[in-house]
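Here the structure comes first, spelled out in C-alpha cells, and everything after it is commentary.
The values are calculated or read from the model by the stated rules, or taken from the named source; none is laboratory data. Here the structure is a predicted model, which is why all the values come from computation and not from measurement. Cβ placement follows ideal geometry from the backbone for every residue including glycine, while neighbour counts extend to all protein chains displayed. These area figures cover heavy atoms from the full protein model, side chains too; ligands, DNA and RNA do not enter into them. Shrake-Rupley method; radii C 1.70, N 1.55, O 1.52, S 1.80 Å.
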Amino acid sequence: MTRPNSTSATQSSASRTRRLDHHMETTAAASGPVTDLDAYLHATRLDDPASPRKQQHDPALTMPRSPQPTLEEVRSRLLRRPMEPSLAMSRETSEHVVRLLKERARGEEVRLSVLAGVKRAVHRIMGDREAQDVFVALVYACWERFDELQGIVQAVVASNDNGFHTRVAEQDDRVGALEQLCVAVRPYPSLYMPLVVWLLREHLLEQCDGILLAIHCFATMDYKDYSILIRIAIFNIEEMLSSAFGSRLLEECFFCAKGDELCALKEIILSRTSEFAKGQYSNYFLQRVLERSYPPLNGDVVERVAADVASLAADRFGSCVVETCFLRTRSPAAALQRVLAAFLGLRDGQLAELVRVGYSSHVVRKLLATGKDHSTEETLALAWRIEKLPAAVREEVHARQVMEVVKSLLPCRSARTTHEDACKYLRSCL
C-alpha cells in the first residue's frame, strides 16, 4: 500500500482552506462580518430562520402565495358537490358562501350543497368563528323549511363531539349559532324540544338564555312533549341545585310539573328541606317554593323548617329560608305562628345562642318586629324569655340589637312585671 503524497495532501488542504475563506467572505457580505467560528456557524445554519442561507433556500419566502378562490369559483365548487367544511372555515371563502346563500340565482342548489356539508361536520362548523356566519346564514336560508331544519337539528343532537360545549363555553359569541337555530325551530315542537334537551345535557342551556327557552316550552307545548325536560331535571337534581341557573330552571320545572313528576319533586323537597335550606343555591329554590306554592305544600315546608329552626336560623343560607317562612308565604299568619311556637319551644341555652349569633339574631329581630302586629301574645312571650336571659348574653354585640326590639315591646323591665301585664300594655299600644 502506497503512502499518500505529502505534497498532494498539502495542496488539497490549501484548496479546502481557500474554499472556506471564500464562503466566509460571501457570508460576511450577506450578514455582516464574521469574527469567530460561532458566528460563522450561526450564519450558515439551515435550521435557523434568521440565517441568510435559510432565507435563500426557504421556498415559502421565494414562492408566491396561491390566489384565494373567487366568488364564481366557490359557486362552481358548491354546484358540483356538497360543500367542503374548509370553505366555511376560511375567512375569504366563508364570505363568498354567505353571499351565495343570500342570492336567489340557483339559490336552492347552493343551499342544499351547504346543508349537506354542514350536516357532515356540524359541530366543527358551529365551533369555528368563521364558519359560524355560514351556519347562521344557512339557518336563515332554511327558514320555515321543516325538512331541512329537521336535518340540521338531527345532526346537532346526534353528533358526539365531547369538546364542543367546552369550546362554546370559552367563547360566548359562538353561542349565537345555537340561539338562531332555536329561534328557527320554535314553531316545531318535534324539533324544538329535542334541541332544548340536548342543550341541557351538554351544559349549554345557560349560555343560550335557557330559562326563556324552557318557559316557551312550558307555555306553548303539550305536557307530554315537555315532560321529558322535567324528568331530566329531577334525575340531575344535585347538579341543578349546584348553580344559580340550575336552581332557577328547577323552579320553573317544579311549577309546571304534573302527575308523577310533581309528586316526585314534592317528595324530594319535603325529605330534604333542611339540606336545601342550607345550600348556597338550593336555598333560593326552597324560598321560591315557599313563596309561590299553595297549601298544603307550603305549610308542610314551614313545618319542616320549624322542626329544625335552631340549626337553620344560625346558618348563613338557612336563616333566609326561616325569614321567608313568616314574611313571604301565601299563608303568612299560620306560618308566623308556627315559627314563633318553634322559638318558644327552644331551651334557654338554644335561645341564648340564637340571640347572640349574627345570622340568627337578625331572624329573631325580624320575628319580633313582625309578630307584634299579628301574634301579640306569642311575640310578647318570646320577648319576655329573651329579657330573662343572663346579662352576659344580652350584652353581647348582636344581642344588643335584639334587646332594643325587646325593650320596645315590654312596658318596663321590673322583675315584678308579669307576662300578662306586658300583653295588656302591648294591646293598648296597638
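Out of the residues in the stretch 294-321 that are modelled with pLDDT of 95 or more and assigned to a loop (DSSP other than H, G, I, E, B), which is most open to solvent (accessible area, probe 1.4 Å)?
Only one residue fits best here, namely R316.
May I ask you to list pairs of residues, at least six apart or on different chains, whose Cβ atoms are under 6 Å apart, with the first in the stretch 118-138 being in contact (Cβ under 8 Å) with a residue 12 or more places away in the chain and the second being surrounded by fewer than 19 Cβ atoms within 10 Å (Cβ to Cβ) and among the hydroxyl-bearing types (S, T, Y)?
V122/S159; H123/S159
Which helices (runs of 4 or more DSSP H) sit wholly inside the stretch 209-263 and have at least 2 residues that are β-branched (V, I, T) and within 18 Å of the chain's Cα centre (by Cα)? Even if it seems obvious, please write down each step before you answer.
Working: elements: 210-220, 223-235, 237-240, 244-256.
Ranges flagged: 210-220.
Restricting to the stretch 322-345, name every residue that is small (G, A, S) and crowded, with 24+ Cβ neighbours inside 10 Å. Walk me through it before giving the result.
First, the residues of the stretch 322-345 that are small (G, A, S): 331, 333-335, 341-342, 345.
The one that is small (G, A, S) and crowded, with 24+ Cβ neighbours inside 10 Å: A335.
Give the number of residues within the stretch 178-217 that are in contact with an Asp or Glu (Cβ under 7 Å, 6 or more places away or on another chain) and either open to solvent by less than 30 Å² (accessible area, probe 1.4 Å) or among the hydroxyl-bearing types (S, T, Y) (or both).
4
Going through L389, L368 one at a time, which residue ends up being in a helix (DSSP H, G or I) and either open to solvent by less than 30 Å² (accessible area, probe 1.4 Å) or modelled with pLDDT under 95 (or both)? Break it down stepwise before answering.
Numbers: L389 fails: in a helix (DSSP H, G or I).
Checking each option against the conditions leaves just L368.
I'm trying to understand the selection: among the residues of the stretch 102-142, which are assigned to a helix (DSSP H, G or I), hydrophobic (A, V, I, L, M, F, W, C) and open to solvent by 20 Å² or more (accessible area, probe 1.4 Å)?
Start the filter on the stretch 102-142 by keeping residues that are assigned to a helix (DSSP H, G or I), which leaves 102, 107-120, 122-126, 129-141.
Those left that are additionally hydrophobic (A, V, I, L, M, F, W, C): 110, 112, 114-116, 118, 122, 125-126, 131, 134-139, 141.
Passing the criteria: L112, A116, V136, A141.
Pull up the stretch 218-244, narrow it to residues that are hydroxyl-bearing (S, T, Y) and touching a helix residue (DSSP H, G or I) at 6+ places or on another chain (Cβ under 7 Å), then point me to the one that is surrounded by the most Cβ atoms within 10 Å (Cβ to Cβ).
Within the stretch 218-244, the first condition is being hydroxyl-bearing (S, T, Y), and the residues that meet it are 220, 223, 226-227, 242-243.
Narrowing further to those that are touching a helix residue (DSSP H, G or I) at 6+ places or on another chain (Cβ under 7 Å): 226-227.
Numbers: Y226: 22, S227: 19.
Looking at the filtered set, the residue picked out is Y226.
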